[in-house]
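S.K.: Take a look at the following structure, please.
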Amino acid sequence: AQTVTQSQPEMSVQEAETVTLSCTYDTSESDYYLFWYKQPPSRQMILVIRQEAYKQQNATENRFSVNFQKAAKSFSLKISDSQLGDAAMYFCAYRPNFGNEKLTFGTGTRLTIIP
Amino acid sequence: GAVVSQHPSRVICKSGTSVKIECRSLDFQATTMFWYRQFPKKSLMLMATSNEGSKATYEQGVEKDKFLINHASLTLSTLTVTSAHPEDSSFYICSAGDRAFQPQHFGDGTRLSIL
């Protein structure tokens, strides 16, 4: 069974600084997707970034980028130039590229932005 | 982009009442929909996978008779919490996916409170 681990229950960063959220996963599959979702206090789930396992290049979306290390099964999220609106719960998620496509979530990291 | 609409956003009702929550995909056909439950400050827990035209697949420990799922069309899945009790109070959220639409898109969730 696939598992996703987020070892940082809480993180904080000064506004305008950079922060990295960690995520590791375990799978025997070679073809899969990884995601970072953001959940602000409104509890809406917002897709931040995704990575296809077959792509070696790390995904980037504006201030958000990932460090995908397939061999190490690591998928960290870097947020640059942190803004107050980045404060939220961040969930790492895994999905195999077959079958019923359900997501497996990590336990989440609560990110606080310090003004 | 794709939108998933979930209604109602908030329900408060008496113990013993049955509550129906709707999840609609607005601009794509959702062959598969997923229902999650989220306890405060916790991650999303998959309850069941809903496939159009067939019975839902429930995760271990989820009562099928308590949480009835119907996916009668490619754009609508419903979750009915039958004879709800205070312990069923939670945040329920759906997501919809299609093989051609890689990221799952989430509804805004339903906050259910049973008095």
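S.K.: Kirkwood Rh, chain A, all Cα pairs: how many Å?
M.R.: Values: mean 1/r = 0.0703 Å⁻¹.
By the Kirkwood definition, the hydrodynamic radius is 14.2 Å.
S.K.: Kindly point out, ordered by number, any Cys in chain B whose beta-carbon has no other cysteine beta-carbon under 4.7 Å away.
M.R.: By the Cβ distance rule, which asks for a partner under 4.7 Å, the isolated cysteines are B:CYS13.
S.K.: Next up: Go through region B:52-64 residue by residue and turn each phi into a ³J(HN,Hα) via Karplus (6.51, -1.76, 1.60, θ = phi - 60°); whole Hz please, and just put x for glycine and proline.
M.R.: Residue by residue, region B:52-64 yields 4, x, 9, 5, 6, 9, 9, 6, 4, x, 8, 6, 5 Hz.
S.K.: Mind checking the dipole of chain A: about its Cα centre, +1 per Lys or Arg Cβ, -1 per Asp or Glu Cβ, Debye to the nearest 20?
M.R.: Value, rounded to 20: 160 debye.
S.K.: Using a 1.4 Å probe, what is the accessible area per residue for chain A, in Å²?
M.R.: 48 Å²
S.K.: Could you run the Karplus curve 6.51 cos²θ - 1.76 cosθ + 1.60 with θ = phi - 60° over region A:35-47 and give me ³J(HN,Hα) per residue in whole Hz, x for Gly and Pro?
M.R.: Those phi angles translate into 9, 10, 10, 10, 10, x, x, 5, 6, 5, 8, 10, 6 Hz.
S.K.: For B:28-39, what's the mean count of beta carbons from other chains sitting within 10 Å of each residue's beta carbon?
M.R.: Mean inter-chain Cβ contacts per residue within 10 Å come to 2.
S.K.: Same structure again: Taking the Cβ of A:TRP36 as the center, what net charge do the other residues with Cβ under 15 Å away carry, scoring Lys and Arg +1 and Asp and Glu -1?
M.R.: The answer is +3.
S.K.: While we're looking at this one, here's another question. Take A:LEU47, B:LEU76 and sort them by solvent-accessible surface of the protein heavy atoms, 1.4 Å probe, largest at the top.
M.R.: From most accessible down to least: A:LEU47, B:LEU76.
S.K.: Sticking with this structure for a sec: From the residues B:PHE28, B:CYS94, A:SER12, which one has its Cα farthest along the dipole of the protein assembly as shown in the positive direction, the dipole being from +1 and -1 charges on Cβ of Lys/Arg and Asp/Glu about the Cα centre?
M.R.: Going by the Cα projections, it comes out as B:CYS94.
S.K.: Quick one: what does P(r) look like for the protein assembly as shown with 10 Å bins over all Cα pairs, in whole %?
M.R.: Taking all Cα pairs of the protein assembly as shown, the binned fractions are 8, 32, 35, 20, 5, 0 percent.
S.K.: Work out the charge dipole of the protein assembly as shown with +1 on the Cβ of Lys and Arg and -1 on the Cβ of Asp and Glu about the Cα centre, then indicate which of A:MET45, B:VAL19, A:THR60 is farthest towards its positive end.
M.R.: B:VAL19
S.K.: In Å², and per residue, what accessible area does chain B have when probed at 1.4 Å with the other protein chains present?
M.R.: With all protein chains present, chain B gives 48 Å² per residue.
S.K.: Could you state how much accessible area is buried at the A-B interface, both sides summed, with a 1.4 Å probe, in Å² to the nearest 100? Show your work: numbers first, answer last.
M.R.: Values: alone 6500 and 6500 Å², together 11130 Å².
That pair of chains buries around 1900 Å² in total.
S.K.: Order A:LEU111, A:LEU84, most accessible first, counting only protein heavy atoms with a 1.4 angstrom probe. Please list the in-between numbers first.
M.R.: Details: A:LEU111 5, A:LEU84 95 Å².
Most to least solvent-accessible, the answer reads A:LEU84, A:LEU111.
S.K.: Along the three principal axes, how long is chain B when you take its alpha carbons, biggest first, rounded to the nearest angstrom?
M.R.: Between the extreme Cα coordinates on each principal axis of chain B lie 41, 26, 22 Å.
S.K.: If you don't mind, another one. Please state the relative contact order of chain B as a whole percent: Cα pairs under 8 Å, 6+ residues apart? Don't skip to the end; give the middle numbers.
M.R.: On the way: 286 pairs, mean separation 42.0, N = 115.
Averaging sequence separation for qualifying contacts and normalising by length gives 37 percent for chain B.
S.K.: Follow-up question, since we're still on this one. Rounded to the nearest percent, how much of the accessible area of the protein assembly as shown (1.4 Å probe, protein heavy atoms only) is carbon and sulfur?
M.R.: Ligands and nucleic acids excluded, carbon and sulfur reach 48 percent.
The values are calculated or read from the model by the stated rules, or taken from the named source; none is laboratory data. What you see is a predicted model; the values in this text were computed from it and never measured. All Cβ positions, even for glycine, are placed from backbone atoms using ideal geometry, and neighbour counts span all protein chains on display. For accessibility, only protein heavy atoms count, side chains too; no ligands or nucleic acids. Shrake-Rupley method; radii C 1.70, N 1.55, O 1.52, S 1.80 Å.
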